[in-house]
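Taking it in order: structure first as structure tokens, then the write-up.
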Amino acid sequence: MSRRPAQKPPEVGTTGHQWDGIEELNNPLPRWWLWTFYACIAFALVYSVLYPAWPMISRATPGLLGYSTRGAVAAEIQAFADANAPIRAQLVAADLSEIADKPKLNEYATNVGASVFRTWCAQCHGSGAAGVQAAGYPNLLDDDWLWGGDIASIHTTITNGIRNTTGSDARYSEMPKFGEILTGDEIAQLVQYVRSISGQSNDAVLAASGAALFADNCVACHGEAGLGNRDLGAPNLTDAIWLYGGDVTALTHTITYARFGVMPNWSPRLSEADIRSVAVYVHGLGGGE
């Protein structure tokens, strides 16, 4: 039986490049790869003609089809807005105190309110609405409310804000800077008195002296017993809830320099339906009255 001589592989040319004795062969690209490459080029050219593609000074070329991703998103948003228009109208027309008794309306308001809260409110109050004490952002989960925690009061606070300069009906209160009125020793006495009425460890001698100072300077807002006045935005000093902290350092700073936290009025940015929704959401977190 005769054997056919093995065929030699075709000679492949080189590109002329060589590195460390290794020559670069000049193998042709596979046909399928070339046709895929040409098809991609053709697709890109057709796409750039039909759709927005080429950047210009103020805009991109619109394309023959006139398609716009912004327009598509706007149309989708508008479609949802149109679908929700009836229930949003119901939400605006409903009495705030009666929304909780209407399951479908309450569910819609709570879901929308949660979204609004995460977008606009979580930056200060936290994603869980527990606030940030060191920064003076109140906890919205407890039962301690300045200016009221019923849904109507919450709605008013969100609408008008607190101590801002842009809302004519903003909630407003201002504590004097007692560092300009009292001496350092007197402030230290007041601090110990406040700690005594809030059930914290204190210097009894200083606290006794601070009682008279409290009566002369603080009862007008905080009341004789230090229970506060929510209508004035004056906090209760006898509980364990502190907006800026109840330790000696924090209380000394508060009395000396006062605090002046500001909340925006949301009416210019949010619709009435969104404000009502976030009011329902906050009221339902557990701390609402």
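What the table shows:
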| item | result |
| --- | --- |
| 19 Å cut-off, amide nitrogen to a point 7 angstrom out along Ala79 Cα→Cβ, residues in the stretch 105-139 | none |
| Backbone HN-Hα couplings from phi across the stretch 188-195 [Karplus 6.51/-1.76/1.60, Hz, Gly and Pro as x] | 4, 5, 4, 4, 5, 5, 4, 5 |
| Table column - 3J(HN,Hα) (Hz), the stretch 66-78, Karplus curve with 6.51, -1.76, 1.60, x for Gly and Pro | x, 6, 9, 5, 4, x, 5, 5, 4, 5, 5, 4, 5 |
| For the stretch 86-103 versus the stretch 240-255, the gap between their alpha-carbon centres in whole angstrom | 40 Å |
| Long-range HN-HN contacts of Tyr137 with modeled amide H, under 5 Å | Val132 |
| Counted charge near Gly128, where neighbours are those whose Cβ lies closer than 14 Å (Asp, Glu -1; Lys, Arg +1) | 0 |
| Exposure of Ser127 as accessible area (Å², to 10), given a probe of 1.4 Å and all protein chains | 100 Å² |
| For the stretch 272-282, Karplus couplings with θ = phi - 60° (6.51, -1.76, 1.60), whole Hz, Gly/Pro x | 4, 5, 5, 5, 5, 5, 6, 5, 4, 4, 5 |
| Accessible area per residue in Å² at 1.4 Å probe, computed on the chain | 64 Å² |
| Candidates Gln133, Gln18, Gln192: whichever shows maximal mean-square fluctuation once the chain is modelled as a Gaussian network with Cα springs under 10 Å | Gln18 |
| Spin-label model distance (nm) - Gln123 vs Ile181, 7 Å beyond Cα toward Cβ | 3.4 nm |
| Net +/- balance of residues flanking Lys102 in space, Cβ distance below 13 Å, scoring K and R +1, D and E -1 | -2 |
| Sorted peptide list for 218-226, 232-240, criterion being average Cβ within 10 angstrom, highest first | 232-240, 218-226 |
| Principal semi-axes in Å for the chain [√(5λ), Cα gyration tensor, largest first] | 69, 31, 19 |
| Within the stretch 61-82: backbone nitrogen closer than 18 Å to the Trp54 label point (7 Å, Cα to C-beta) | 61-67 |
| Max mean-square fluctuation residue, GNM over the chain, Cα-Cα springs under 10 Å, options Ala100, Ala114, Ala204 | Ala204 |
| Under 5 Å, built H, 5+ apart or other chain: amide partners of Ala234 | Asn229 |
| Chain lengthening between Ser97 and Leu34 when straightened (0.36 nm per residue, less Cα-Cα) | 15.6 nm |
| Gaussian network model of the chain, springs between alpha carbon atoms under 10 Å - residue of Pro55, Pro138, Pro28 with greatest fluctuation | Pro28 |
| Shape category assigned to the stretch 46-190 from the gyration tensor of Cα positions, a/c cut at 1.5 | oblate |
| Linear extension gain, Ser168 paired with Thr61, 0.36 nm per residue minus alpha-carbon span | 33.9 nm |
| Extended-chain gain in nm, criterion 0.36 nm per residue less alpha-carbon gap, Asn111 and Asp247 | 45.1 nm |
| Neighbourhood charge, 15 Å Cβ-Cβ cut-off, centred on Glu174 and excluding it, Lys, Arg +1 and Asp, Glu -1 | +2 |
| Equivalent-ellipsoid semi-axes of the stretch 138-247, from the Cα gyration tensor, Å, largest first | 28, 16, 11 |
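The values are calculated or read from the model by the stated rules, or taken from the named source; none is laboratory data. Since we're looking at a predicted model, the values are computed, not measured. Positions of Cβ are backbone-derived with ideal geometry, glycine not excepted, and every protein chain shown enters the neighbour counts. All accessible areas refer to the heavy atoms of the entire protein, side chains included, with ligands and DNA or RNA removed. Shrake-Rupley method; radii C 1.70, N 1.55, O 1.52, S 1.80 Å.
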